[in-house]
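See structure below.
The values are calculated or read from the model by the stated rules, or taken from the named source; none is laboratory data. Here the structure is a predicted model, which is why all the values come from computation and not from measurement. Methodologically, a virtual Cβ is constructed for each residue, glycine included, from the backbone with ideal geometry; neighbour enumeration extends over all protein chains shown.
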Amino acid sequence: MKSRYSNFVLKYPPGIAPTAHAWLMIVVACAFLQQGCRLDMHLQPKYNPEVPSSFFTNGSSAREPVPGTVARGQLRTDELLYTGMENGTVSNVFPFAITEQDMARGREQYNIYCSPCHDYAGYGNGMIVQRGFPQLPSYHTDRLRSAPVGHFFGVITDGFGLMYSYGTRIAPDDRWRIVAYIRALQLSQHAPVQDVPVNQLGKLGVSR
């Protein structure tokens, strides 16, 4: 059966070879495509970060967040958990019950972040101090033994003196676990004999 396209012959303009015709078609196609290429996205009116602006009265191109704006997942309504304070006063209670697992985690985090300066026992003579950093106060002074737990949480969060903030380095729950471990260190150096289990007294060479 003969196709209706059997007699179709592609005719090129006189003097134009097939190869030249192909290139001509490509050029024409590119000309049409260029009509859709605009520079609006490249030349649009905009401000780069921290570039001054003459549009706003304060001269800044960046806008402050709307009052009350809260980043997703960062609504921190628990004052004690996130600040170590209650009604604006430094608290002496933990925001959650401290378990054995919490103490183990607190010890791990303390050894990572705190021991380089405060040493493993909390006397303020860590390796950084031994290599020239100013001597740090011992956790075993009367002042720090009587300090509320919220004080330690605040210092870890915001820093104090030569100590910089760990607020962005350690999660709030882990900061509290570190505080619990600091309390354990303080108790370990000042625990009365009456608090030692009877079956452990022999290790201390004392009797009750």
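Which one of R76, R38 is in contact with a helix residue (DSSP H, G or I) (Cβ under 6 Å, 6 or more places away or on another chain), modelled with pLDDT of 60 or more and not β-branched (V, I, T)? Only one candidate passes the filter, namely R76. Checking D195, D174 one by one, the residue that is among the charged types (D, E, K, R) and free of Cβ contacts under 8 Å to residues at least 24 places away in the same chain is D195 and no other.
Of all residues in the range 70-101, those being closer than 14 Å to A171 by Cα and hydroxyl-bearing (S, T, Y) number 2.
What are the residues in the range 60-119 that are among the β-branched types (V, I, T) and either farther than 24 Å from I182 by Cα or in a loop (DSSP other than H, G, I, E, B) (or both), if any? Matches in the range 60-119: V66, T69, V70, T77, V93, I98, T99. So in the range 49-59, with the set limited to residues that are exposed (fewer than 10 other Cβ atoms within 10 Å of the Cβ) and polar (S, T, N, Q), which one is farthest from W176 (Cα to Cα)? Here the answer is S54.
So that you can scan it fast, the table gives a plain yes or no per residue for (1) surrounded by fewer than 10 Cβ atoms within 10 Å (Cβ to Cβ); (2) under 23 Å from N125 (Cα atoms); (3) under 28 Å from the mean Cα position of the chain (by Cα); (4) touching a residue at least 40 places away in the same chain (Cβ under 8 Å):
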residue: D142; (1), (2), (3), (4): yes, yes, no, no
residue: S146; (1), (2), (3), (4): no, yes, no, no
residue: T157; (1), (2), (3), (4): no, yes, yes, yes
residue: G161; (1), (2), (3), (4): yes, yes, yes, no
residue: G205; (1), (2), (3), (4): yes, no, no, no
